[in-house]
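Note sheet for the following structure.
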Amino acid sequence: MEETDSTNAYIRRMLSTPQQGEATPAADQARYWVVTTEFQSSGRGQGTNTWESEKGKNLLFSILFHPVWIPVTSQFILSEAIALAIRDALAVYDDHFTIKWPNDIYWKDKKICGILIENTLSGGHIKNCVIGPGIDVNQQTFHSDAPNPVSLCQIVGHEVDREALLQDILKRFDANIQATINGDYATIVGNYTSWLYRLHGFYPYRDADGDFEAALVEVEDDGHLVLRDREDHIRRYAFKEVEFIINA
């Protein structure tokens, strides 16, 4: 579509108030529903974050599907599956893409992609999953106060075919989801871990008690980040409980 407030919000409305004669997305109708737009008037990130995107330049889309086979306790695998698919598709163009916990995609110390995931739970399983990535593809100038944005065009020096990139991401994502259907979570987790931003060495972080340096130990199956500080203390964080200090 040409414009919407956000593709995630569009899908949520479609789920809650289908128009007369309009099909309601359901598990037996399609494996995935994908909504794309040229511009989001109210693009959202996690929490209260917003997403800046020049019209017609970037890749803004949402995926709706129904991973009822995934237990609620394992829902972080969906975050790993989409982050890994996007990182691997971008890696076709350059070698320096990593996944910043939990699911931002970074090029060196700059952010190229954020992902908003919204799950509806029912009976211990995931009824609906809406995944909304925003990827900076062909935008060359950023005007917001976001500290470290970068686009694929800026990295490679020319514009990139957004549709081809989208299709590659969806193909890779589908392969990762098929792995979960087959019960093969280990491959996704292993690949996700191997591409984590700041995987090796000590780096600066900030939590409610102040700044510290730590090394990454692991990301647990439920999505918690585990760090080891300079005093050899283990620190465990849920999302938004710790901040990466980045001098980009």
Task: 20 Å tail of the calculated P(r), the stretch 51-109, as % of Cα pairs - done: 40 percent
TODO: Put one equal scatterer on each alpha carbon of the chain, apply the Debye formula with no solvent term, and list log10 I(q)/I(0) at q = 0.12, 0.15 1/Å to two decimals.
DONE: -0.71, -1.12
TODO: With just the Cα atoms of the stretch 70-179, tell me how far they stretch along each of the three principal axes, in Å, largest first.
DONE: 48, 30, 21
Task: Within the accessible area of the chain (1.4 Å probe), percent carbon and sulfur - done: 48 percent
- [ ] Give the long-range amide H neighbours of residue 5: residues separated by 5 or more places, or on another chain, with amide H under 5 Å away, using H modelled in the peptide plane at 1.01 Å from N.
- [x] 41
Open item on the list: How far apart, in nanometres, would the label points at residue 91 and residue 145 be if each is projected 7 angstrom from Cα along the Cα-to-Cβ direction?
Closed with: 3.6 nm
- [ ] Could you list the trypsin sites (Lys or Arg not before Pro) in the stretch 204-248 that lie in coil according to DSSP, counting only those with at most 11 other Cβ atoms within 10 Å of their Cβ?
- [x] 230, 240
Open item on the list: For a quick check: with amide H placed at 1.01 Å from N, whose amide H comes under 5 Å from residue 108's, ignoring anything fewer than 5 positions away on the same chain?
Closed with: 98
Task: Per residue, in Å², the accessible surface of the stretch 154-248 once ligands and nucleic acids are set aside, probe 1.4 Å - done: 57 Å²
Open item on the list: Percent of Cα-Cα pairs more than 22 Å apart in the stretch 151-248, please.
Closed with: 50 percent
- [ ] Let me have the 222 nm mean residue ellipticity of the chain computed from DSSP H runs of 4+ only, each contributing -39500 (n - 2.57), with the sum over all residues rounded to the nearest 500.
- [x] -7500 deg cm²/dmol
Task: Whole-Å distance, taken between Cα centres, linking the stretch 72-89 and the stretch 212-248 - done: 19 Å
TODO: Could you compute the FRET efficiency for residue 122 and residue 221, with r as their C-beta to C-beta distance and R0 at 22 Å, rounded to 0.05?
DONE: 0.55
- [ ] Evaluate the relative contact order of the chain (contact order divided by residue number), counting alpha-carbon pairs under 8 angstrom at least 6 apart; express in whole percent.
- [x] 17 percent
TODO: Could you calculate the contour length gain from residue 211 to residue 237, that is, 0.36 nm times the residue separation minus the distance between their Cα atoms, to one decimal place in nm?
DONE: 7.9 nm
- [ ] Using a 1.4 Å probe and counting only protein heavy atoms, arrange 32, 93, 192 so the residue with the most accessible area comes first.
- [x] 93, 32, 192
- [ ] Assuming R0 = 22 Å, can you tell me the calculated FRET efficiency for the pair residue 186 and residue 34, based on Cβ-Cβ distance, to the nearest 0.05?
- [x] 0.20
Task: the chain: antiparallel DSSP beta bridges as a percent of all, rounded to 5 - done: 95 percent
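The values are calculated or read from the model by the stated rules, or taken from the named source; none is laboratory data. Values in this document were obtained by computation on a predicted structure and should not be read as measured data. So basically every Cβ, Gly included, is an ideal-geometry build from the backbone, and we count neighbours across all protein chains shown. Surface areas here come from the heavy atoms of the whole protein model, side chains and all, with no ligands, DNA or RNA. Shrake-Rupley method; radii C 1.70, N 1.55, O 1.52, S 1.80 Å.
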